[in-house]
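Beneath this line is the structure, given in structure tokens, with notes to follow.
Here, each number is a calculation from the coordinates, and none is a lab measurement. This is a predicted model, so every value here is computed, not measured. Note that each Cβ is placed from the backbone with ideal geometry, even for glycine, and that neighbours are counted across all protein chains shown.
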Amino acid sequence: MQDLTILLPTATLLVLGVYFLFLRKKSGNRSRAMSFSSELMIAGAFPKKATMAPPLIHAVYFFKEAPSMEKVQKTLSRLFDFVRWRCSPEFNKATNTWEFVDCQHNIDDHTGHKTVNSEAEIYELMDKLSKDDFSDMTGKPLWKFYVIENKGTGVSAVFCQIHHVIGDGISLVVALKKIFDDKAGAPLSFSLSSAKTKAGAKAKTKQGPSMIGMFFILLKSTWRVVTLGMSKFDSDISFTTKNKPQTAMSISTNKFVFFPTLRLSFVKAIKEKAQGTVNDVMLSLTTGAIRRYCKLRGDPLPAGLQVRALMPYAFPRSENEMNDPARCMRNKWSFLSVPLPMDALAVTDRIEQCHSTMEGMKTSVDAIVQLFLQDHLLSKVPEFLVHQTAFDSVARHSLVFSNVPGPQVTAYFAGQPVLGMQAMFPNLINQVLIISYNGAVFMNMAVDSAIVTDIPALQKAFLDEAVELAEAYGLSSEAAVMLAETSPGGEFAVTGAKE
């Protein structure tokens, strides 16, 4: 029997939520400088027992030569145009809310220089820097960039850390447009229009549901969202902790795992063969890699396994909102719970099932319902219940899966062409983060290395899945996988971009 101390807070969410929504003092309609989602990012989304790292979004950009600190600081100063990049998040005791407050900002507080002697040391340094708790940034905008100059062979890098309170993935991609230039030095122009399919959108060829039908759709969706934290825990496999009710990604053992870089043209070729999407392909490859890894670790993988991913859905923003420095940085997203086809034995079956699942998600209103409940119900209930509800929902899943679009041309940062990029996020559970850039698909996982102990096996499992998928669809596995030279530390490096 599951621990009632964990289930009870979520089970009573609706009752308490309605009570606080209607009986709380009228100040419940107060205006907020931050959305409820942003407040959770800065105040903390989970109970104290979940001793995970602060919600810092990490990114790394690779270069043949490290850009100069002078040019880096000049380039990054452009970010002060955005309100959230030049303000400090502060708690207002008078209103009992968090808000962004103008503060003194100096580019020196946000930049640093590190030296390494090999490409492998870059990865080691990033793992070390990711343990930063930003305690030295009190009263300052919450972001840092480090130039990592490689004195040995291989690439150099710029490593950045951005507190999630500043914005979600789509917001941060907008910020890239501010700091990336084209070869001529003009602001880089790229579109995010195809980044997301609107949640709840129905196929144009089908007639929408009736009013009564829509009522029951909303009712079922609300029940799924509210009871997610009471659902069965995912099955125990070698990829996840066996103590899920008390799960917490250890700060000390968090590690970034980088996977072989795939050509976007290869992923699109698979997409066409499977009649799916790029996201379907990457979700299928991830599922196959986890399955192969578990097999290598001796898991029997019986039928009926439940392995789910939480998929953050970032809501589209209007063109006006995207171009407004005060409104473009936001945390306007919610989670979708997505079952992974771990029972599927064939690679083609895995991708077909991923496609079928994601097609259903496109007509689901779960993301919209969850956002509404977050902003209008959870924001009215006691803090302990908010934290427990978030914990209950996340801890029952095996990973978070996020796919963010990037520019599909060579970007220049501080005068240097960017060879490749990764975005990483240590989470309560395993986190997959994918970013497409300049014809390539870069992927990594943030894992607890005390649980996922054989990282080379996980990397190889992903590559084997990609090769078998290519062969299953009659594509060349030789040309499919875009691997750069492997660094001395055994990590997969980046490919050189053509200038």
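Figures for the structure shown
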quantity: Using θ = phi - 60° and Karplus 6.51 cos²θ - 1.76 cosθ + 1.60, couplings along the stretch 277-285 (whole Hz; Gly, Pro as x); calculated: 10, 4, 5, 4, 4, 5, 5, 5, 4
quantity: In order through the stretch 330-338: 3J(HN,Hα) via Karplus (6.51 cos²θ - 1.76 cosθ + 1.60), integer Hz, x for Gly, Pro; calculated: 8, 10, 10, 8, 8, 9, 10, 8, 10
quantity: Segments 295-301, 97-103, 276-282 sorted - mean Cβ within 10 Å per residue, highest first; calculated: 276-282, 97-103, 295-301
quantity: Per-peptide average of other Cβ atoms within 10 Å, ordering 458-469, 70-81 highest first; calculated: 458-469, 70-81
quantity: For the stretch 35-92, convex hull of alpha carbons as volume per residue, Å³; calculated: 134 Å³
quantity: Isotropic mean projected area of the C-alpha convex hull, the stretch 273-397 (nm²); calculated: 10.7 nm²
quantity: Built amide H within the under 5 Å cut-off of residue 404, gap 5+; calculated: 434, 435, 436
